[in-house]
Each structure stands twice: as structure tokens, then as C-alpha cells.
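Only one structure is covered here, and it is reproduced in the block below.
No lab work stands behind these numbers, since they all come straight from the coordinates. Everything quoted here is computed from the prediction, not taken from an experiment. Note: ideal-geometry Cβ built from the backbone for every residue, glycine included; neighbour counts use all protein chains shown.
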Amino acid sequence: MYRAVDVWAHMSESQAVRFRCFQNLRTGMYSVQSSDFYSLPANQERSRQLDDQHVELFIETPPDRRSGAFPTLEAAIDAHSRIRYTIHPPPTTSSPS
């Protein structure tokens with residue numbers, strides 16, 4: 001069994017990221033399943049899609065098997081961020097012309 005833990009980071013005045021973390025209740029270890037990026041203006045359809053994806057990913061593969069297990073939330077997020085940002089840099093906002 002797992003406990004879901006959402007951890008938010010403020011990226012700018014118009015962007016935030018939510019790390020979708022889990023704690024394995026048997027081992028106490030943490031893993032990050034995914035990171036969801038949000039921008040203003042808020043998009044309810046996008047939020048719903050991310051929530052659906054969160055459930056689908058959990059059902060497909062246990063979180064600790066998907067991304068490894070770490071003793072702290074911070075260590076799990078750091079490992080996820082290093083891998084994710086190497087493959088897919090975080091989105092940026094374009095400034096109006």
C-alpha cells in the first residue's frame with residue numbers, strides 16, 4: 001500500500017510544478033511518479049487530464065518500480081528532477097511581443 005503525497009514548487013509568478021509522490025507504507029521509502037506543470041491562466045481540462053494520468057500511471061506500475069525508492073521526499077524529488085529535466089526541460093512561458 002502507498003500513501004499519496006503531493007509536493008508543490010513555485011516556479012514563477014505564472015508557473016508551478018506538482019510532484020506526484022508516494023510513500024510505500026511497508027518500507028517507508030518515497031518515490032516520485034510524475035511531475036505536473038501548471039501555468040496561468042488555469043486550465044481545468046488540463047488539470048483533469050493530469051489527475052487521470054496520475055491514476056493510470058499508478059495502476060500500470062508501482063511507483064517505486066517506476067522511479068526508484070528513496071529515504072526522504074527531498075531525495076526522491078531531486079532524483080526525479082535530475083532525470084526528468086535532463087530528458088525534458090521544464091516548460092517556459094513566452095513573453096508577449
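See the values below:
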item	result
Residues in region 12-33 reached by a label modelled at Ser81 [backbone nitrogen below 15 Å; 7 Å Cα→Cβ]	12, 16-21, 32-33
Principal-axis tilt of helix 44-60 within the chain, Cα atoms, nearest 10 degrees	20 degrees
Likely footprinting exposure, Ser14, Ser31, fewest C-beta neighbours within 10 Å first	Ser14, Ser31
Residues Val55, Val5 arranged by fewest to most Cβ contacts within 10 Å	Val55, Val5
Computed helical MRE - 222 nm, the chain, DSSP H runs ≥ 4 contributing -39500 (n - 2.57), nearest 500	-12000 deg cm²/dmol
Tilt relative to the chain, helix 73-87 - C-alpha long axis, 0 to 90 degrees, to 10	50 degrees
